[in-house]
Amino acid sequence: MEINVAKLLVGNWKMNGVSTALGEASLIAAAAKSAQSQAIQLAICPPATLLARLSETTAGTGLLTGAQDCHPKAFGAHTGDISAAMVKDAGGHFVIVGHSERRADHGESSALVQSKAQAALEAGLVPIICVGETGAERKAGQAESIVLAQVQGSIPETFSDGALVIAYEPVWAIGTGLVPSAGDVLAMHEAIHRSLVDRFGAKGASIQLLYGGSVNGQNARDLLHLAHVDGALVGGASLTADGFLKILHAIQE
Ligand code: 13P
């Protein structure tokens with residue numbers, strides 16, 4: 001599976017949304033085709049409980065779907081977990097792995113995230129691998145070294161062109177309304193891009209880099225026009241069609 005568009009806007013609904021949220025997804029889906037004509041791809045990663053229904057409801061609209069996590073194994077005795085093959089079977093195209101909330105809440109290491117990303121590739125999904133520093137790490141001047149170590153540790157050894165997405169999400173910017181300066185986002189995306197090209201050559205350059213953390217209709221345009229910012233991973237503002245489509249419209253202008 002491959003994703004190759006000018007901009008990728010992914011909504012991460014986190015642990016939000018029951019059946020009534022499908023209506024919001026349908027409203028978002030109604031804008032997906034016209035977005036595609038401008039090489040902007042929209043996607044929603046709902047809670048696992050909604051993935052199959054959301055995928056069915058929006059099939060053929062151009063809106064892609066995905067999950068928020070997967071287990072590194074294909075099947076087996078792992079109560080409560082879902083495999084990448086199950087995500088694929090439920091209509092998913094993407095799976096988010098290594099989100100900072102999972103790294104923090106479930107103690108996920110980069111090595112585990114790497115194995116999940118590998119499982120996603122094997123199942124034919126596009127993994128969205130999340131990385132990002134805490135506020136304390138940024139204050140200590142360690143943001144770049146922490147993020148680059150997460151990138152290097154979380155990426156599968158082998159992948160094909162356009163098969164991977166990385167989301168840079170500073171932990172301190174998630175759900176806080178705080179956003180790094182344009183200069184800081186640019187510097188981090190350039191550093192990630194350079195490290196990928198150094199390690200993987202042209203294939204590394206094919207990895208799309210998303211920014212995530214308090215993206216909304218007001219700041220999207222400035223953030224998404226920066227070099228090596230190929231899209232956004234959006235939490236709170238993706239929960240309503242109005243919030244998510246404001247971001248789309250901001251970058252369509
Ligand atoms: P917010 O957009 O709510 O800050 O969340 C960002 C995020 O964590 C997306 O994965």
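Okay, here's what the table says:
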{"quantity": "Net lengthening on full extension, Ile146/Ala187 (0.36 nm per residue, minus Cα-Cα)", "calculated": "13.4 nm"}
{"quantity": "Fraction of accessible area attributable to carbon and sulfur, the chain (%, probe 1.4 Å)", "calculated": "55"}
{"quantity": "Normalised alpha carbon radius of gyration of the chain [divisor 2.2 N^0.38 Å]", "calculated": "0.92"}
{"quantity": "Rg(Cα)/(2.2 N^0.38 Å) for segment 15-118, N = residue count", "calculated": "1.13"}
{"quantity": "Among the listed pairs Lys14/Lys246; Lys7/Lys116; Lys7/Lys203, those beyond 22 Å (Cα-Cα)", "calculated": "Lys7/Lys116"}
{"quantity": "Equivalent ellipsoid semi-axes, segment 199-253, via Cα gyration tensor eigenvalues times 5, rooted, Å", "calculated": "24, 12, 8"}
{"quantity": "Where the chain is the region considered: accessible area per residue in Å², 1.4 Å probe", "calculated": "41"}
{"quantity": "Candidate aspartates and glutamates for bridging to Lys88, where Cα separation is under 13 Å - those fewer than 8 sequence places away on the same chain excluded", "calculated": "Glu56, Asp69, Glu122"}
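The values are calculated or read from the model by the stated rules, or taken from the named source; none is laboratory data. Note that the coordinates shown come from a computational prediction; the quantities given were computed from them, not determined experimentally. The protein model used for the area step is the full one, side chains on, heavy atoms only, and it has no ligands, DNA or RNA in it. Shrake-Rupley method; radii C 1.70, N 1.55, O 1.52, S 1.80 Å.
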